[in-house]
Amino acid sequence: MSEEKVILTVKDLHIEFHDHGQTETAVEDVDLVLRRGEIVGIVGESGSGKSMSALAIAGLLRRRAMMTRSGEILFEGNNLLTCDRATLRGVQGKKIAMIFQEPMTSLNPVMRIGKQVGEILKIHYPEISKEERKKQVLKTMSQVGLRDCETLYRMYPHELSGGMRQRIMIAAAMIGNPQILIADEPTTALDITTQAKIVKLLSKINEVRHTAILFISHDLSLVSQLCHRVIVMQKGRIVEEGSATEIFEHPKDAYTKELIAAIPKVDLSESA
Ligand SMILES: Nc1ncnc2c1ncn2[C@@H]1O[C@H](COP(=O)(O)OP(=O)(O)OP(=O)(O)O)[C@@H](O)[C@H]1O
Ligand SMILES: [Mg+2]
């Protein structure tokens, strides 16, 4: 795995929020690389900077008056923090796609499922005909484990279960065949059985398409099942990084040890 090509490099990422003369540091000194085909987990307590780092990497951290960002996110020769909007638009959703915790907030409630899954193709590949786009949408929906896709195609998000909605989000993210898929707590809103199925699906996508996946989760048990490499964050900084085996079997940092000690025993026995 370590010989695989580096496709994204984060150097010295800092994100700060400023409010009434106060500065809150959300992300500090973050350096990381993502290689083709690897699954990297980011774990850490609430507020440790996981989502902010992920949004920055996905090119989705909008410029705001009260926020400053510095450092580099290098992807295909561009720094996603400073590149022009056209370059960024060519990356967002197409080459680096992101899925979130609650698909209901990311899906458009008044747009049919099929149309939403095909959105990226419509934006980035306008030369593809409507019929061909529908064909690709149905194929991708079936690849993420959905059945009776013709019927689902015409349905609205509220008509589906949480697990199905997350599969729809994954289909919408995967249809453009991104090099990187960022999943921020993609299973948190789901029951345990559905969580396991979604993790299995991400693993399959990684195997079949060699998509690099950045998997953010509070659930260390899921991270240990899915990820090749793990990054541990605390208070905006990376405190430890290593292969999943290193992190879970020989954690060095005191905070990592604490996190691992807190994994419910029942989960550990299930993943063994
Ligand atoms: N709009 C904002 N204004 C001020 N501070 C913010 C803002 N958004 C995020 N932060 C700060 O950035 C830090 C990192 O937030 P982030 O959302 O990345 O945490 P996280 O690790 O994803 O947490 P969780 O596990 O709860 O999702 C937090 O300390 C938070 O207070
Ligand atoms: Mg978060």
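Structure above, values below:
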| read-out | value |
| --- | --- |
| Pairs where the first residue, in the range 13-24, is closer than 19 Å to L81 by Cβ and of a type in the set (K, R) and the second is in a strand (DSSP E or B) and near ligand 1 (Cβ under 9 Å from one of its atoms), C-beta under 9 Å, 6+ apart | none |
| Some residue of the range 142-163 being within 16 Å of ligand 1 (Cβ to nearest atom) and not in a helix (DSSP H, G or I) | no |
| Those residues of the range 191-219 which are farther than 28 Å from K122 by Cβ, in a loop (DSSP other than H, G, I, E, B) and either in contact with a Gly (Cβ under 7 Å, 6 or more places away or on another chain) or touching a residue at least 60 places away in the same chain (Cβ under 8 Å) (or both), in sequence order | S217, H218 |
| Search result, residues across the range 91-116 that are within 20 Å of the chain's Cα centre (by Cα), in contact (Cβ under 8 Å) with a residue 12 or more places away in the chain and not in a loop (DSSP other than H, G, I, E, B) | V91, Q92, I96, A97, M98, I99, P103, M104, S106, Q116 |
| Selection from the range 39-75 of residues that are of a type outside the set (A, V, I, L, M, F, W, C), under 25 Å from K122 (Cα atoms) and touching a strand residue (DSSP E or B) at 6+ places or on another chain (Cβ under 8 Å) | G59 |
| Residue within the range 4-11 that is basic (K, R), modelled with pLDDT of 95 or more and closer than 29 Å to H158 by Cα present | no |
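Each row is one residue, and each column tells you yes or no for (1) more than 9 Å from ligand 1 (Cβ to nearest atom); (2) crowded, with 17+ Cβ neighbours inside 10 Å.
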| position | (1), (2) |
| --- | --- |
| T23 | yes, no |
| L34 | yes, yes |
| G44 | no, yes |
| G47 | no, no |
| K50 | no, yes |
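Quick grid of which residues meet (1) at pLDDT 95 or above; (2) farther than 16 Å from D219 by Cα:
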| site | (1), (2) |
| --- | --- |
| Q234 | yes, no |
| I238 | yes, yes |
| G242 | yes, yes |
| F248 | no, no |
| L268 | no, no |
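The values are calculated or read from the model by the stated rules, or taken from the named source; none is laboratory data. Because the structure is predicted, anything quoted here is derived from the model rather than measured. Backbone-built Cβ (ideal geometry, glycine too); neighbour counts: all protein chains shown.
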